[in-house]
1. If you go through the stretch 84-101 one residue at a time, do you hit one that is among the small types (Gly, Ala, Ser), out of contact with any helix residue (DSSP H, G or I) (no Cβ under 8 Å at 6 or more places or on another chain) and farther than 16 Å from Ser46 by Cα?
2. Looking at the stretch 55-82, which of its residues are surrounded by 12 or more Cβ atoms within 10 Å (Cβ to Cβ) and free of Cβ contacts under 8 Å to residues at least 12 places away in the same chain?
3. Hey, can you tell me all the residues within the stretch 40-54 that are surrounded by 13 or more Cβ atoms within 10 Å (Cβ to Cβ) and touching a strand residue (DSSP E or B) at 6+ places or on another chain (Cβ under 6 Å)?
4. Restrict the check to the stretch 30-41 and report whether at least one residue is of a type outside the set (Phe, Trp, Tyr) and assigned to a loop (DSSP other than H, G, I, E, B).
5. Every residue in the stretch 93-106 that is open to solvent by 40 Å² or more (accessible area, probe 1.4 Å), modelled with pLDDT of 95 or more and either among the aromatic types (Phe, Trp, Tyr) or not in a loop (DSSP other than H, G, I, E, B) (or both), please.
6. Report the residue count in the stretch 62-92 for those that are assigned to a loop (DSSP other than H, G, I, E, B) and of a type in the set (A, V, I, L, M, F, W, C).
Amino acid sequence: MPKRLLLTLIHIILLLFLPFKTTSTPRTQAEALLKWKNSLSSSPSSLNSWSLTNVNNLCNWTSIVCDDSTREVSQIHLSSFNLTGTLDEFDFSQFRNITAFNLNNNNLLGTIP
């Protein structure tokens, strides 16, 4: 086998092992929100709708607004919710089309990842 063909085949095989672009779905967004909520030191009972038993109703969760066509999160409004913790576990990559993210008047410490 010619050297050039072998190198081409090796490159093609290596490209197959590259990670695929992650896609966001309402379910992965719900799971990301739950992971973050569970990492908080304190979260109010008003976020009880944020649960695994309610994962298929993400657009009905407290303070979550979804895009009508994609059913993905477009806005998160958690101003004055008495949240305590950090944003370390918040997976921003799951929310590519978010237009509003309001966390004013909470007790969140640390840097924005």
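The values are calculated or read from the model by the stated rules, or taken from the named source; none is laboratory data. Nothing here was measured: the structure is a model prediction, and the numbers come from that model. Here the Cβ is made from the backbone with ideal geometry for all residues, glycine too, and neighbour counts use every protein chain on show. Note: accessible area is taken over every heavy atom of the protein model, side chains too, but ligands, DNA and RNA are not part of it. Shrake-Rupley method; radii C 1.70, N 1.55, O 1.52, S 1.80 Å.
1. Going residue by residue through the stretch 84-101, those that are among the small types (Gly, Ala, Ser) are 85, 93, 100.
Next cut, out of contact with any helix residue (DSSP H, G or I) (no Cβ under 8 Å at 6 or more places or on another chain) only: 93, 100.
Among the residues that remain, those that are also farther than 16 Å from Ser46 by Cα are: 93, 100.
So far as the stretch 84-101 goes, yes, one or more of its residues are among the small types (Gly, Ala, Ser), out of contact with any helix residue (DSSP H, G or I) (no Cβ under 8 Å at 6 or more places or on another chain) and farther than 16 Å from Ser46 by Cα.
2. If the condition is that a residue be surrounded by 12 or more Cβ atoms within 10 Å (Cβ to Cβ) and free of Cβ contacts under 8 Å to residues at least 12 places away in the same chain, then Asn57 is the only one that fits.
3. Leu40
4. Within the stretch 30-41, the first condition is being of a type outside the set (Phe, Trp, Tyr), and the residues that meet it are 30-35, 37-41.
This time we only want the ones that are assigned to a loop (DSSP other than H, G, I, E, B), so: 40-41.
Yes, there is a match, as at least one residue in the stretch 30-41 is of a type outside the set (Phe, Trp, Tyr) and assigned to a loop (DSSP other than H, G, I, E, B).
5. Within the stretch 93-106, Phe101, Asn102 meet the criteria.
6. The first filter runs over the stretch 62-92 and keeps only residues assigned to a loop (DSSP other than H, G, I, E, B), leaving 62-63, 67-72, 78-83, 87-91.
Filter again for of a type in the set (A, V, I, L, M, F, W, C), leaving 78, 81, 83, 87, 90.
Of the residues in that region, 5 qualify.
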